[in-house]
Each structure stands twice: as C-alpha cells, then as structure tokens.
Amino acid sequence: MSQQEILKDHKRIGKRFVPPLMQLGMQEVSYINKLLPEIIWMGLVFDRIDYRAGVNLCEKVTKLAHEIYASEKHANFALCSSFLRLEDRQKEELVSKLQDQKLLEPIQLYLAPLIVLYDNFPMSFLGVTQNKTEKDTLIKRIKEGIKRYMDKYERPGLVLQSTTIYIRGITGGLFLNKDIEPPDLNSIIDNPESEPAKRAGAFVRSSVLTEIMSPEGEPLPEWADSFWDQGLQVDTCEFGDVVDE
C-alpha cells in the first residue's frame with residue numbers, strides 16, 4: 001500500500017494519531033454496528049483471493065467509481081454506501097467499465113452473499129453472478145466473514161480498516177503532513193506482530209471511524225442497521241465476546 005497522502009491534519013499525541021474530527025471532541029461510533037457493514041464487502045473479496053490480490057481488486061473498483069463520480073465532494077468508495085451517490089447512468093458506466101476490464105464477473109461472485117441474500121445492498125446494481133451458488137453456501141460465507149472481521153484488533157479486521165484508509169488516500173481524500181512519519185500499512189499484512197504493524201494498527205483504528213461520522217449534520221447511511229436487521233432473517237449468527245471500543 002502507498003504511504004503517501006494519509007496523515008495531514010492528524011495530531012500526534014504520544015504514539016497515537018488523532019484525526020481532525022476526534023480533535024473536535026466528536027464521539028466514536030461502533031466499529032461493529034456501523035462501520036463493519038460498510039466495509040465487509042472487501043472482506044468477502046479478501047476471503048476468496050487473499051489480502052494482496054483483494055486490495056488490488058478493491059482499489060481498481062473504487063478508483064473507477066471515484067473517477068465516474070467526479071465530484072468536488074470526496075466520497076470514500078471503500079464504504080459500500082458511497083455507491084448510493086452514483087446516478088443511474090454512472091452506475092451503468094461503472095458496470096460497463098468493470099466488464100471491459102474483466103472485473104465484473106469476479107466482483108459479482110465475491111459479493112454474492114450480500115447481493116443475493118440482502119435487500120438494498122448499495123452495490124447490488126453490479127448484478128448477480130451467473131455462477132450459481134447454494135443459499136447455504138452463501139450464508140456460510142457471510143457468517144464466516146463477519147466472524148473473521150469482527151475484531152478490529154486482530155489482523156483480518158486491521159487489514160479491512162487499513163484498506164479503507166488506503167483507498168481514501170489514493171483517491172485524494174487524505175494528505176500527508178510532512179512533519180509526521182507515515183504508518184507502514186504494508187506491515188499489517190506482511191508482519192502483523194511487528195512494531196511498525198502495531199503503530200499502523202493504532203493509526204487506522206483511531207482514524208477509520210471518522211469515515212461514518214457526519215460533521216456537516218448529514219444523516220448516516222441506513223445500510224448498517226439494515227444489514228444487522230436482515231442478518232436476523234438470513235440466519236442466526238453466534239459469536240464470542242468481541243471488544244468494540
């Protein structure tokens with residue numbers, strides 16, 4: 001992952017990087033309740049083709065969406081609800097470009113648990129894969145994905161969060177402050193127990209929740225609540241104790 005354009009306006013307090021919104025005293029929202037449903041689609045990609053290839057695919061999809069969106073107001077397309085910002089013609093253009101680059105069928109396949117099992121999934125316009133999969137298999141995949149990425153302190157959850165920050169950075173939503181050493185996001189994948197990975201993990205955990213805060217008073221997306229409500233209908237998920245603070 002690139003280390004450029006990711007830390008401008010972050011305040012360093014000891015070893016912790018505090019993002020601008022947190023400096024204003026805004027209260028954190030729940031990673032599990034609000035953020036995980038927005039980024040779990042990338043986790044489903046990682047589960048099928050590993051972290052490196054998955055980040056590469058998510059980068060291509062989100063860059064295309066960002067280019068098509070072409071708005072002065074930045075949107076981080078790592079969050080699935082950002083795709084709701086696209087107009088119908090822009091969604092059609094994205095589907096066409098993904099198809100031209102032979103990316104449409106893979107992304108349809110990887111996101112099938114969300115596209116098939118859930119109503120109003122913001123990326124459902126990408127369409128249903130022609131590779132039919134049994135419902136029980138799709139349920140198993142989404143349950144295993146939720147369980148795997150639910151702990152924001154463990155490697156899978158950290159990769160998911162760091163990819164969210166990375167995508168914001170590569171699409172122009174974050175800027176590097178030359179006075180602050182950038183975190184090594186690669187280390188979270190390559191050497192998760194290392195000191196650089198621990199520092200990078202602290203950075204992404206303190207930064208990523210600002211993605212779903214609303215400094216301008218706009219309502220937060222409804223998808224997260226819908227995801228958990230529908231999950232009760234899709235199947236019963238049982239997990240152990242997970243820290244979300």
* If I165 satisfies every condition in (1) closer than 21 Å to V208 by Cα; (2) assigned to a helix (DSSP H, G or I); (3) at pLDDT 95 or above; (4) not small (G, A, S) but one, which is the exception? -> (3)
* L109, sole failed condition from (1) at pLDDT 95 or above; (2) touching a helix residue (DSSP H, G or I) at 6+ places or on another chain (Cβ under 6 Å) -> (2)
* Note down all Cβ pairs under 7 Å where the first residue falls in the stretch 46-70 and is without any contact (Cβ under 8 Å) to a residue 60 or more places away in the chain, the second is charged (D, E, K, R), and they're at least six residues apart or on different chains. => L64/K97; I68/E93; Y69/R85
* Considering each residue of the stretch 1-48, count those that are among the β-branched types (V, I, T) and modelled with pLDDT under 95, and give that number. => 5
* To do: Would you be able to say whether some residue in the stretch 199-208 is in contact with a strand residue (DSSP E or B) (Cβ under 8 Å, 6 or more places away or on another chain), of a type in the set (F, W, Y) and modelled with pLDDT under 90?
  => yes
* To do: With respect to S96, determine if the residue is modelled with pLDDT under 95 and assigned to a helix (DSSP H, G or I).
  => no
* Just a yes or no: is a residue in the stretch 113-135 out of contact with any Phe, Trp or Tyr (no Cβ under 9 Å at 6 or more places or on another chain), exposed (fewer than 15 other Cβ atoms within 10 Å of the Cβ) and part of a helix (DSSP H, G or I)? -> yes
* To do: Mind counting the residues in the stretch 36-56 that are over 13 Å from I142 (Cα atoms) and out of contact with any Leu (no Cβ under 6 Å at 6 or more places or on another chain)?
  => 8
* **Candidate set: the stretch 31-76, residues that are among the small types (G, A, S) and surrounded by 14 or more Cβ atoms within 10 Å (Cβ to Cβ); chosen: the one nearest to Q90 (Cα to Cα)** => A65
* Structure fact -> The correct count of residues that are more than 14 Å from C80 (Cβ to Cβ), out of contact with any Cys (no Cβ under 9 Å at 6 or more places or on another chain) and not aliphatic (A, V, I, L, M) in the stretch 117-148 is 14
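The values are calculated or read from the model by the stated rules, or taken from the named source; none is laboratory data. From a predicted model like this one, the values you see are computed outputs, not experimental measurements. All Cβ positions, glycine included, derive from the backbone under ideal geometry; neighbour counts span all protein chains shown.
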